[in-house]
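Below is one structure; the comments refer to it alone.
The values are calculated or read from the model by the stated rules, or taken from the named source; none is laboratory data. Predicted model only: the values in this text are computed from it and were never measured. Cβ placement follows ideal geometry from the backbone for every residue including glycine, while neighbour counts extend to all protein chains displayed. Heavy atoms of the whole protein, side chains included, go into the accessibility calculation; ligands, DNA and RNA do not. Shrake-Rupley method; radii C 1.70, N 1.55, O 1.52, S 1.80 Å.
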Amino acid sequence: MKSVVCVVSAMSPSLLIDTVTTTKACLGLVESPGIPALRDPFHDHVCRADMAEGTFVSDQELGRGGEGAPGYDAVAAQEKWQKYWEEHQTFRPLDDGSKERRYVLDMFAYPSGDLHMGHAEAFVMGDVIARYWKLRGLDVLHPIGWDSFGLPAENAAIARGSHPAEWTYTNIETQARSFKRYGLSVDWSRRLHTSDVEYYRWTQWLFLQFYKKGLAYRKAGFVNWCPSCQTVRANEQVVQGECERCHNAVTKRQLTQWYFKITAYAQRLLDDMDHLEGMWPDRVLAMQKNWIGRSEGAYADFRVAGRAEPIRVFTTRPDTLYGATFMVVAPDADLASELVSDQCRSDFEVYLEKTKQATDIERQSTEREKTGVFLGVYATNPLTGAQMPIWAADYVLSDYGTGAIMAVPAHDQRDLDFARKYDLPVVVVIDTGEEDPRVSGVATTGDGTYMNSGVLNGLSDKVTGIGTINAKLKRDGTGEGAVTYRLRDWLLSRQRYWGCPIPIIHCQACGEVPVPEDQLPVELPDLRGADLTPAGVSPLAGATNWVNTTCPNCGGPATRDADTMDTFVDSSWYFFRYCSPREETVAFDKQAVATWMPVEQYVGGVEHAILHLLYSRFFTKVLFDMGLVEFTEPFERLMNQGQVINQGKAMSKSLGNGIDLGEQIDQYGVDAIRTTMVFAGPPEDDIDWADVSPSATLRFLQRAWRLANDVTSEVGVDPSTGDMGLRQVTHRTLKDITELLALRRFNVCVARLMELVNATRKVIDSGAGPSDPAVREAVEWTAIALSLFAPYVAEEMWELLGQPPSVAEATWPKADKKLAAAETVTMAVQVQGKVRAKIEVPADIDDSQAEELALADENVQKFLAGRDVVKVIVRAPKMVSIVPAANT
């Protein structure tokens, strides 16, 4: 049988990361042959891990035949403490101002079935933080709810001939039971569901406030259409040309839809990221910056004969205007249909239909053959006065600026490919020193010296060139410097039933009429089964008794808006509602929001970076401008969790590598699954379930539980009279874990706890014994710390130790500085600013001793190479910096 021998030690902070790998190997969580033995400074006790079975037992336990005390009953403990927490409302905040408040929030779940492995990872991370803050004496708000509108429920209802609510609320109850079983420290009294009338009434109210401010508007245009889902998709919901929900190709369709004017907040969304630096993951901020896509350049106006208004085009390179030889318009832009001449209209309409069949990704592919049709009209270049033919081509998208671009083929490859195919002129305006694009067929995109560029000829500074042309355009009245954004307004209409109805009435006489606020909510009619089958328009359009109504203004016949809102609208404000979830007169109580928010810690997946997270930031800024909230960012800190995979791949039915969370819990217990999730790695890393061992984690938890069984000293005994070595390990562990929790390095926290458990077992079995006061101190602290990860085991331990329930109500202890002081630290020695040696030194070493050791080091002497030392800077015990004389 394969085994590995290790010594579990109380380690210095500098070795904490190595602790995780070593401890995992010892527990059988990973196989790591050749890991060095680690020596405990006060007992030098060796433990052995049975890698095959995942057991973790001491030499003494092996000698007496194994497990010792009776086993821990996970199922009984789970049922017992769930009941206790619910009866005593253990995790309901006081909300009375007696304690400092903290708000931790997990991105709420969609009720698509029971919880899965991804839920298990995501929700345990937030729970660790919430439990820790409570132990620190803070008043913690940790609510729970469901994002319960959405397409899956509607599809299930069609298949079953039922109402979407039946599937939705059945799944919610299933998940609620599982969340309770999973030991989450949430306040169930604040539970909400976005599909409740009491909730979506206020979603409708918020829509009306946006409408009043001109931030919600309706317009016709080509939109992303998913033929499979039979509804439109926002730009953010199209990934690589596919619907992010069903992964089918998205096409274009012309519809009149509702939008939120998020573009009005583009610059503020960018600017306010400065406040999130260091608090949000860098990749999320980078994704949002790229999606918003600020571009600096200029607007240039191109006159068209017979058209009153010029065509305004945005370009980031106005300095290349002298090289613009033709113009390209997106075929599906309104501008193309307006410009095309009668002679060219037939060809254009054929081309337009072909364009509609292609995805945006296909249209923008650099490898796709360039195609287009001449529109029969010309524009005037504002700098040269030359006549430029206007073409329609599918490589230009209708939602980019005005849907038209100036083509500079010498310096843009797509324009050059198009020009070469249709024999259009190419003018080089920047000499980069490369081969002429007219000969090579390769556009030159680098910097160089301007040529064929009028006032710019001979210049080589791009910034000066752009500034000069911007000034000339403004002076001539043919353009101006400008800033644009890649971000487009948020398309929120959906042609499906199971969503929040849009509270607008359409009257032939009055136009768009908001539903009066005293008539909210506009409730969904009772549709089910076949009535929900998609037919290109919302099922609500066919509910004649519902859709036909009277105009609130004139009393004449009118119709309700038959679309529903994107479900991301519901999730863009739910965190405000949690502050006062039962409020009936307003969407949320302003004072309650001011008291609890912003959310101190938000937890969720990186996949929401440019959807939910961006929309929530937008909503918060709008509500700030309305005077409803006192801050502009909803989430102070963001933590992304990784994905749970299996055998190196995402879990899926087709691969046959799915892991059932319920079965895992049945087999190992909640605590083992929670702790395994945490111990597998940093929160942001993916977890491969094939590489971890919940059975080994369970052995560790049983081992910790047995410590509480063994303690014989009285509650309240003075620990200062106990084993000094164990006390040092306890307080070092406490200090380290407290620091690690602040860094969100939960996996290392578990590793340190494993070390403490083994150190305590050694003292019980071969040291001072179970009656030693230091043993009680160590086990009580273990129970408190373990409650963050394995709450049921911790509660049982706390009870066995004679303490009143619940351990969640205990106080996080403070480490004694003297006891927690490391015996040795790693001192870095620099020579000319570069680290040339690392020396283990006593933690209390003085400056003179540190200098002497540093100068005597063999590697340091090598880099000094016999030179005199000019200066030595000592910062004992961490660093010595040596400045040698210059080489002669």
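Check region 400-407 and report whether any residue there is closer than 24 Å to PHE222 by Cβ, among the β-branched types (Val, Ile, Thr), assigned to a loop (DSSP other than H, G, I, E, B) and touching a residue at least 12 places away in the same chain (Cβ under 8 Å).
yes
Has region 526-536 got any residue that is of a type in the set (A, V, I, L, M, F, W, C), surrounded by fewer than 18 Cβ atoms within 10 Å (Cβ to Cβ) and not in a helix (DSSP H, G or I)?
Keep residues of region 526-536 that are of a type in the set (A, V, I, L, M, F, W, C), which gives 527, 530, 532, 535.
Right, trim to surrounded by fewer than 18 Cβ atoms within 10 Å (Cβ to Cβ) and you get 530, 535.
Then drop every residue that is not not in a helix (DSSP H, G or I), which leaves 535.
Within region 526-536, one or more residues are of a type in the set (A, V, I, L, M, F, W, C), surrounded by fewer than 18 Cβ atoms within 10 Å (Cβ to Cβ) and not in a helix (DSSP H, G or I).
I'm trying to understand the selection: among the residues of region 811-835, which are open to solvent by 70 Å² or more (accessible area, probe 1.4 Å) and either in a strand (DSSP E or B) or of a type in the set (A, V, I, L, M) (or both)?
Scanning region 811-835 gives LYS834, VAL835.
For region 408-425, give me the residue count where each residue is touching a residue at least 60 places away in the same chain (Cβ under 8 Å), crowded, with 20+ Cβ neighbours inside 10 Å and not charged (D, E, K, R).
Within region 408-425, residues that are touching a residue at least 60 places away in the same chain (Cβ under 8 Å), crowded, with 20+ Cβ neighbours inside 10 Å and not charged (D, E, K, R) number 6.
What are the pairs, 6+ residues apart or on separate chains, where a residue within region 235-247 that is modelled with pLDDT under 75 has its Cβ under 6 Å from a residue that is part of a loop (DSSP other than H, G, I, E, B) and surrounded by 18 or more Cβ atoms within 10 Å (Cβ to Cβ)?
GLU236/ILE610; GLU236/LEU611
Checking the condition farther than 21 Å from PHE314 by Cα, modelled with pLDDT under 95 and loosely packed, with under 15 Cβ neighbours inside 10 Å, which residue from GLY446, GLY433 passes? I'd like the intermediate steps shown before the answer.
Numbers: GLY446 fails: farther than 21 Å from PHE314 by Cα.
The unique qualifying residue is GLY433.
Only one of these is of a type in the set (A, V, I, L, M, F, W, C), in a loop (DSSP other than H, G, I, E, B) and in contact with an Asp or Glu (Cβ under 8 Å, 6 or more places away or on another chain): ILE610, ILE645, ILE659. Name it. So that I can check it myself, show each step before the final result.
Values: ILE645 fails: in a loop (DSSP other than H, G, I, E, B); ILE659 fails: in contact with an Asp or Glu (Cβ under 8 Å, 6 or more places away or on another chain).
Answer to the check: ILE610.
Just checking: which of the helices (runs of 4 or more DSSP H) contained wholly in region 543-591 hold 2 or more residues that are buried (at least 20 other Cβ atoms within 10 Å of the Cβ) and not hydrophobic (A, V, I, L, M, F, W, C)? Write out each step before concluding.
On the way: elements: 544-547, 567-570, 574-577.
Counting at least 2 such residues, we get 567-570, 574-577.
Right, LYS99: open to solvent by 10 Å² or more (accessible area, probe 1.4 Å), in a helix (DSSP H, G or I) and not hydrophobic (A, V, I, L, M, F, W, C) or not?
Details: open to solvent by 10 Å² or more (accessible area, probe 1.4 Å): yes; in a helix (DSSP H, G or I): no; not hydrophobic (A, V, I, L, M, F, W, C): yes.
Considered against the rule, which asks whether it is open to solvent by 10 Å² or more (accessible area, probe 1.4 Å), in a helix (DSSP H, G or I) and not hydrophobic (A, V, I, L, M, F, W, C), LYS99 comes out as no.
Yes/no per residue for (1) in a helix (DSSP H, G or I); (2) among the polar types (S, T, N, Q); (3) more than 30 Å from GLU755 (Cα to Cα):
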{"residue": "GLU636", "(1), (2), (3)": "no, no, yes"}
{"residue": "MET639", "(1), (2), (3)": "no, no, no"}
{"residue": "LEU655", "(1), (2), (3)": "no, no, yes"}
{"residue": "ILE665", "(1), (2), (3)": "yes, no, no"}
{"residue": "THR675", "(1), (2), (3)": "yes, yes, no"}
{"residue": "PRO682", "(1), (2), (3)": "no, no, no"}
{"residue": "THR697", "(1), (2), (3)": "yes, yes, no"}
{"residue": "LEU701", "(1), (2), (3)": "yes, no, no"}
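With the structure loaded, tell me whether SER720 is of a type in the set (Gly, Ala, Ser), assigned to a loop (DSSP other than H, G, I, E, B) and under 18 Å from SER771 (Cβ atoms) or whether it fails that test.
Details: of a type in the set (Gly, Ala, Ser): yes; assigned to a loop (DSSP other than H, G, I, E, B): no; under 18 Å from SER771 (Cβ atoms): yes.
The answer is no for SER720.
Within region 350-357, identify whether any single residue is farther than 22 Å from ARG307 by Cβ, in contact with a strand residue (DSSP E or B) (Cβ under 9 Å, 6 or more places away or on another chain) and among the polar types (S, T, N, Q), and answer yes or no.
At the first step, the residues of region 350-357 found to be farther than 22 Å from ARG307 by Cβ are 350, 353-357.
With in contact with a strand residue (DSSP E or B) (Cβ under 9 Å, 6 or more places away or on another chain) added as a condition, the list becomes 350, 355-357.
Imposing the further condition that a residue be among the polar types (S, T, N, Q) reduces the set to 355, 357.
So far as region 350-357 goes, yes, one or more of its residues are farther than 22 Å from ARG307 by Cβ, in contact with a strand residue (DSSP E or B) (Cβ under 9 Å, 6 or more places away or on another chain) and among the polar types (S, T, N, Q).
Kindly check whether there is at least one residue in region 292-299 that is assigned to a loop (DSSP other than H, G, I, E, B) and of a type in the set (Gly, Ala, Ser).
If we filter region 292-299 for residues that are assigned to a loop (DSSP other than H, G, I, E, B), which is where we start, we get 293.
Restricting the remaining residues to those that are of a type in the set (Gly, Ala, Ser) gives 293.
Yes, some residue in region 292-299 is assigned to a loop (DSSP other than H, G, I, E, B) and of a type in the set (Gly, Ala, Ser).
The rows are residues; the columns are (1) at positive phi; (2) under 26 Å from the mean Cα position of the chain (by Cα).
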position	(1), (2)
ALA153	no, yes
GLY161	yes, no
TRP167	no, no
GLU173	no, no
SER185	no, yes
ARG191	no, yes
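State the number of residues belonging to region 467-508 that are part of a strand (DSSP E or B) and of a type outside the set (D, E, K, R). Step through it out loud before you land on a result.
Taking region 467-508 and keeping what is part of a strand (DSSP E or B), we get 479-485, 490-491, 493-494, 501, 504-507.
From what is left, the residues that are of a type outside the set (D, E, K, R) are 479, 481-485, 490-491, 493, 501, 504-507.
Selection size over region 467-508: 14.
Can you tell me which residue is most open to solvent (accessible area, probe 1.4 Å) among those in region 307-330 that are farther than 16 Å from ALA386 by Cα, in contact (Cβ under 8 Å) with a residue 24 or more places away in the chain and not in a helix (DSSP H, G or I)?
That would be ARG312.
Restricting to region 126-148, and then to whatever is part of a loop (DSSP other than H, G, I, E, B) and over 21 Å from the mean Cα position of the chain (by Cα), can you tell me which residue is nearest to GLN495 (Cα to Cα)?
First pass over region 126-148, keeping only residues part of a loop (DSSP other than H, G, I, E, B): 136-138, 142, 147-148.
Narrowing further to those that are over 21 Å from the mean Cα position of the chain (by Cα): 136-138.
Numbers: ARG136: 48, GLY137: 49, LEU138: 45 Å.
Top of the filtered list is LEU138.
Which members of region 375-388 meet the condition of being in a strand (DSSP E or B) and open to solvent by 20 Å² or more (accessible area, probe 1.4 Å)? Give the steps one after another, and end with the answer.
The first filter runs over region 375-388 and keeps only residues in a strand (DSSP E or B), leaving 375-380, 387-388.
Listed by number, the residues that qualify are GLY376, VAL377, TYR378, THR380, GLN387.
For region 151-173, what are the residues that are at pLDDT below 95, assigned to a helix (DSSP H, G or I) and either in contact with a Lys or Arg (Cβ under 9 Å, 6 or more places away or on another chain) or open to solvent by 30 Å² or more (accessible area, probe 1.4 Å) (or both)?
Of everything in region 151-173, those that are at pLDDT below 95, assigned to a helix (DSSP H, G or I) and either in contact with a Lys or Arg (Cβ under 9 Å, 6 or more places away or on another chain) or open to solvent by 30 Å² or more (accessible area, probe 1.4 Å) (or both) turn out to be LEU151, PRO152, GLU154, ASN155, ALA157, ILE158, ALA159, ARG160.
Among (1) open to solvent by less than 20 Å² (accessible area, probe 1.4 Å); (2) modelled with pLDDT under 95; (3) over 40 Å from the mean Cα position of the chain (by Cα), which single condition is LYS762 missing?
(2)
Among the candidates GLN647, GLN641, which residue alone is of a type outside the set (D, E, K, R), open to solvent by 20 Å² or more (accessible area, probe 1.4 Å) and within 14 Å of the chain's Cα centre (by Cα)?
Values: GLN647 fails: within 14 Å of the chain's Cα centre (by Cα).
Testing whether each residue is of a type outside the set (D, E, K, R), open to solvent by 20 Å² or more (accessible area, probe 1.4 Å) and within 14 Å of the chain's Cα centre (by Cα) leaves just GLN641.
Please determine whether any residue of region 780-799 is within 17 Å of SER720 (Cα to Cα) and surrounded by 15 or more Cβ atoms within 10 Å (Cβ to Cβ). Walk me through it before giving the result.
At the first step, the residues of region 780-799 found to be within 17 Å of SER720 (Cα to Cα) are 780-781.
Narrowing further to those that are surrounded by 15 or more Cβ atoms within 10 Å (Cβ to Cβ): 780-781.
Yes; the residues of region 780-799 include at least one that is within 17 Å of SER720 (Cα to Cα) and surrounded by 15 or more Cβ atoms within 10 Å (Cβ to Cβ).
In region 247-266, is there at least one residue being under 24 Å from the mean Cα position of the chain (by Cα), part of a helix (DSSP H, G or I), under 25 Å from MET287 (Cα atoms) and hydroxyl-bearing (Ser, Thr, Tyr)?
yes
Checking PHE624 against (1) over 25 Å from GLY126 (Cα atoms); (2) touching a strand residue (DSSP E or B) at 6+ places or on another chain (Cβ under 7 Å): exactly one of these is not met. Which one?
(2)
Please verify whether region 118-129 includes one or more residues that are farther than 17 Å from CYS579 by Cβ and surrounded by fewer than 20 Cβ atoms within 10 Å (Cβ to Cβ).
Yes, that holds for at least one residue.
Let me spell it out: the conditions are (1) farther than 30 Å from ARG218 by Cβ; (2) open to solvent by 50 Å² or more (accessible area, probe 1.4 Å); (3) of a type in the set (A, V, I, L, M), and ILE466 meets all of them except one. Which number is the exception?
It fails just one condition, (2).
Quick check: anything in region 174-194 open to solvent by less than 40 Å² (accessible area, probe 1.4 Å), in contact with a Cys (Cβ under 7 Å, 6 or more places away or on another chain) and not β-branched (Val, Ile, Thr)? Give the steps one after another, and end with the answer.
Going through region 174-194, the residues open to solvent by less than 40 Å² (accessible area, probe 1.4 Å) turn out to be 174-176, 178-179, 182-187, 190, 192-194.
Next cut, in contact with a Cys (Cβ under 7 Å, 6 or more places away or on another chain) only: none.
No, that holds for no residue.
Residues in region 733-751: is at least one without any contact (Cβ under 8 Å) to a residue 40 or more places away in the chain and either of a type in the set (Lys, Arg) or open to solvent by 40 Å² or more (accessible area, probe 1.4 Å) (or both)?
For region 733-751, residues without any contact (Cβ under 8 Å) to a residue 40 or more places away in the chain and either of a type in the set (Lys, Arg) or open to solvent by 40 Å² or more (accessible area, probe 1.4 Å) (or both): present.
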